[in-house]
Amino acid sequence: MTATPVTTPARRPRLRRRRRLPTALAALVALLALYTAWTNTRPLTLSATVDIDATPEEVWHVLTDFSAYDDWNPFMVSAEGTAEPGAVLHLVMRDKTGDMAFDPTVRAAEPGRELRWLGRVGPGWIFDGEHRFLIEPLANGRVRLTQSERFTGVAVPFFQSMLHTATLPQFEAMNRALAARTAALRAP
C-alpha cells in the first residue's frame with residue numbers, strides 16, 4: 001500500500017505562491033524583451049547641416065585630420081585613429097554635461113563622401129550611436145555637410161531630452177568650426 005500525500009488547506013496557498021513566481025518572472029522577461037525590441041526599432045536621430053565653400057576633398061581632409069581636432073573642434077576635442085573601415089577610433093567628446101571618452105568602430109570611410117562609425121555602451125543593445133558625416137557636392141564649388149547620429153537601445157528614451165539639449169548644439173558648433181577651419185586652410 002502506498003501513501004498518498006495529503007494536501008492540507010494551510011499548504012495550498014504556499015504551493016500557489018511557488019507557482020506564481022516562475023509565471024511572474026517569465027512575464028517580466030517577456031516585457032523586457034518587448035521593450036528592448038521596441039527601443040531598437042524606434043531610433044532617435046539627431047542631425048545638423050551646414051553649407052561650406054569648399055570641395056568635398058577639402059572638407060574630408062579637415063574631417064579626417066584627427067590629430068588636429070584639439071586645435072579647432074569644440075565637440076570632439078580629441079581624436080586618435082584612422083578613417084578606415086574596421087578601425088577603432090579613440091574620441092573624447094565634450095558637451096555641457098562634461099567630457100566622455102569612447103572607442104567607436106569605423107563602419108564607412110569614403111573619401112570626400114562619408115565617414116560613419118558605431119559607438120556602443122555595454123553589449124550593444126543598451127545605448128548605441130551610429131555617427132555619420134555625409135558630404136554632398138553643391139553648385140559653385142560648395143558642399144553640404146550633414147552630421148547625424150542614430151541612437152538605439154534600451155537606455156535611449158531616458159536620455160532623449162539631454163541628447164537634444166546637450167548634444168545637438170555640439171553638432172552645430174562642430175559644423176560651424178569645421179566650416180571655419182576649412183576656410184582658414186583655403187586662405188592664402
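Data table
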item: Label point at residue 57 placed 7 Å out along Cα→Cβ; residues across the range 107-151 whose backbone nitrogen lies under 13 Å; result: 111-113
item: Relative packing of peptides 157-163, 66-72 - highest average C-beta neighbours within 10 Å first; result: 66-72, 157-163
item: Pair residue 144, residue 180: separation of 7 Å Cα→Cβ label points (nm); result: 2.4 nm
item: Mean Cβ count within 10 Å, highest first, over the residues of peptides 74-86, 126-138; result: 126-138, 74-86
item: Binned Cα-Cα distances of the range 44-186, short to long, each 5 Å bin given as a whole percent; result: 2, 10, 19, 25, 21, 13, 6, 2, 1, 0
item: Charged-residue dipole, Cβ positions (Lys, Arg, Asp, Glu), the range 44-186 about Cα centre, Debye nearest 20; result: 320 debye
item: Where Rh is the Kirkwood radius over Cα pairs, Rg/Rh for the range 117-173; result: 1.10
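Read-outs: derived from the displayed coordinates by stated rules, not from any lab. Keep in mind it's a predicted model, so treat the numbers as computed, not measured. Counting neighbours? That spans all protein chains shown, and the Cβs are built from the backbone with ideal geometry, glycine included.
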